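Asker: Here's a structure for you.
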Amino acid sequence: MIRLEGIHKSFGDVPVLRGVDLEVRTGEVLALVGPSGSGKSTLLRCVNLLVVPDQGRVLLDGAQVNRPDVRPEWVRQQVGMVFQSFNLFSHLTALENVTLGPTRVKGIARDAARREGTALLQRVGLGDKLGAYPAELSGGQQQRVAIARALAMGPRAMLFDEPTSALDPEYIQEVLDVMTELAREGMTMIVVTHEMSFARNVAQRVVFLDGGQILEEAPPAEFFGAPRHERARNFVGKILR
Amino acid sequence: MFRGLDAAAAVALIAVILVMASLIFLGGRDLDLSFYGRDWDSGPYEGVILVLFLQAAGVSLTATALSFLLGLGLGFTAGWARTLRLTSWREVREDGRFARALLRALARRAASRVASFYVEIVRGTPLFVQIVLIWSIFLTAFPDWDQNPRNLLAGLTALTLNTGGYQAEIFRAGFQSVPPGQIEAANSIGLNPRQTMRRVILPQALRLTLPPLTNEFISLFKSSSLLFVISVAELTDLAKSVAFVNPQVFEIFLLLTAMYLLVTLPLGRVAQSLERRYRMAGLGLGPARAARGVRGG
């Protein structure tokens, strides 16, 4: 359902992505791993056009979306995103964070949006925090609100950009639990993560990115057990240590 | 505690003003107010000086408020123009719609340049000079106008341009202190650039600009005293005129000092309560719980 073909992207004179092809099937959970600076975040942002590729095609359900006649706002409604540093709107309550998109972008009535938002926050275990502001929530709680905010747009797929890297260890599991639940419900997901347990147990495929290119693609057991590429072996050796 | 202190200060001020007013008269010497164009020898004029000062305070405050409001529009626009991201020529060259991209890039550059130029001029010259310069422009441009409205309009223009420049910097700082992640998040849920500005950037930026803006208002009110050089009938101009023909210079300027404080002290208090009211929950001063579970937080 998500397809990237020959994606190139440079920032200034620095090439970040150098010809990436990637396909994600409906309902698939894909773990995107690689050393820092390998282009994982940029690749993820190419899918919802937060970053516009210099070359190559981005396709959603077979239709190219990085074209001038497709509004990027429309693409972003189809593909939700969760950030490493949560990025909750700090002047809005948890519930308002969740309902902003539905009311302003999708034109859903306030009451209906609040009902749906409340249900979503209950689903991520924050039914008692509707009126709390981001600064009053723990990191784990903020990230769960961020997941609810993305889900509120009714996306066809979700992108996670190192969703647990900024969290203290004791808050990581609650976020992973929500993501695991989401995967079980059949959400198509691309997850940039270093959480090996999550990649192993939830992802169907691991993609290893280095130097702006995909060097290896394999099922998790195979990738973490016996990586073929030398740089992948190096990387796996470092994170498993 | 602060509330009590403020009330005490206000009472003290009013007392000072009354004492000053009576001192000026009880000194046994009649005050010459003939500059005011009326025969003050007839009728009771105890307190006339107070009425004159209150009127002049009204002029000062009105001029300040008007300039400040006009300056808000000017400063907001200029401040926003200074935050525009300038597209590189390479981006323009590679844009599919070259002509449109080129026009946009040129417009952005022009807006940003003009705004920076404006701010630099305002910041780099004394307000006194700005007032006289603008006044002289009015003088040559409208030689047939009555003096009083012309002076007032020149003064308002100078104050507006001045505060607009300083407010531009306040707004620029406000816009730039909204973290980029907030904008990325707004984009990621499908908000378009206008909605992102209205729903995410503005509410946060404006909260941040509130303290410096109130500060600017108070500062502008004090600066309005310089309008006396072009004979706008505000507070300082009145004090100058009275003191020019009367010996009670100290009493008159003490009264003037009290009048300025009478306005600025409550303003500071209003500013404080505004800030408290629009403060982002959990951020800034006050009994907020700190975020837990965020590394380095």
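Throughout, read-outs are computed from the coordinates displayed, never taken from laboratory work. Everything numeric here is computed off the predicted structure, so don't read it as measured data. Positions of Cβ are backbone-derived with ideal geometry, glycine not excepted, and every protein chain shown enters the neighbour counts.
Asker: Please work out the FRET efficiency for the pair B:LEU106 and B:ALA65, using the Cβ-Cβ distance as r and a Förster radius of 51 Å; give the result to the nearest 0.05.
Answerer: With a Förster radius of 51 Å, E is 0.85.
Asker: Could you derive backbone 3J(HN,Hα) for the range A:55-72 from the dihedral phi with the Karplus parameters 6.51, -1.76 and 1.60 (θ = phi - 60°), listing whole Hz in sequence and x where the residue is Gly or Pro?
Answerer: With coefficients 6.51, -1.76 and 1.60, one gets 9, x, 10, 10, 10, 10, 6, x, 9, 6, 10, 8, 10, x, 8, 9, 6, x Hz.
Asker: Put a dot 7 Å past each Cα toward the Cβ at A:LEU240 and A:GLN204; how far apart are the dots in nm?
Answerer: 2.4 nm
Asker: Cα to Cα, under 19 Å, and not fewer than 8 places away if on the same chain: which aspartates and glutamates meet these conditions relative to B:LYS240?
Answerer: Cα-Cα hits under 19 Å: B:ASP30, B:ASP32, B:GLU251.
Asker: Give me the percent relative contact order of the range B:7-277, please, defined on Cα pairs under 8 angstrom at least 6 residues apart.
Answerer: The normalised contact order for the range B:7-277 reaches 30 percent.
Asker: By the gyration tensor of its Cα atoms, with a ≥ b ≥ c the square roots of the eigenvalues, what is the shape of the protein assembly as shown: rounded for a/c under 1.5, prolate for a/b over b/c, or oblate?
Answerer: Prolate.
Asker: If we count every other residue with Cβ under 14 angstrom of A:VAL51's Cβ, Lys/Arg +1 and Asp/Glu -1, where does the sum land?
Answerer: 0
Asker: As a test of the formula, what do you get for chain A when each DSSP H run with n ≥ 4 contributes -39,500 (n - 2.57) and the sum is divided by the residue count, at 222 nm and rounded to the nearest 500 deg cm²/dmol? Write out the running numbers ahead of the final one.
Answerer: Working: 9 runs with 92 residues, N = 241.
Only helices count here, giving -11500 deg cm²/dmol.
Asker: List the DSSP H helices in chain A whose Cα atoms stretch 20 Å or more along the helix axis and whose mean Kyte-Doolittle hydropathy is at least -1.0.
Answerer: Length and hydropathy pass: A:169-184.
Asker: Which of rounded, prolate or oblate describes chain A when judged by the alpha-carbon gyration tensor and an a/c cut-off of 1.5?
Answerer: Oblate is the answer for chain A, as a/c is 1.5 or above yet b/c matches or exceeds a/b.
Asker: Then there's this: Per 0.36 nm of contour for each residue apart, how much would the distance between B:ARG123 and B:ALA9 grow if the chain were fully extended, relative to their Cα-Cα spacing?
Answerer: On the way: separation 114, 0.36 × 114 = 41.04 nm, distance 3.37 nm.
That pair, B:ARG123 and B:ALA9, stretches by 37.7 nm at full extension.
Asker: Let me ask you something else. Order these by the 10 Å Cβ neighbour count, fewest first: B:THR163, A:THR99, A:THR118.
Answerer: A:THR118, A:THR99, B:THR163
Asker: Treat each spin label as a single point 7 Å out from the Cα along the C-beta direction, and report the B:LEU267 to B:ASP32 distance in nm.
Answerer: That separation, rounded to one decimal, is 3.3 nm.
Asker: I would also like to ask the following. Fewest first, what order do B:TRP145, B:TRP89, B:TRP80 take by the number of other Cβ atoms within 10 Å? The partial results should precede the final answer.
Answerer: Working: B:TRP145 14, B:TRP89 11, B:TRP80 20.
So the ranking, lowest neighbour count to highest, is B:TRP89, B:TRP145, B:TRP80.
Asker: Let me ask another. Taking 0.36 nm per residue of separation and subtracting the Cα-Cα distance, what length does fully extending A:VAL70 through A:SER197 add? Provide the component values of the computation, followed by the final result.
Answerer: On the way: separation 127, 0.36 × 127 = 45.72 nm, distance 3.77 nm.
That works out to 41.9 nm of additional length.
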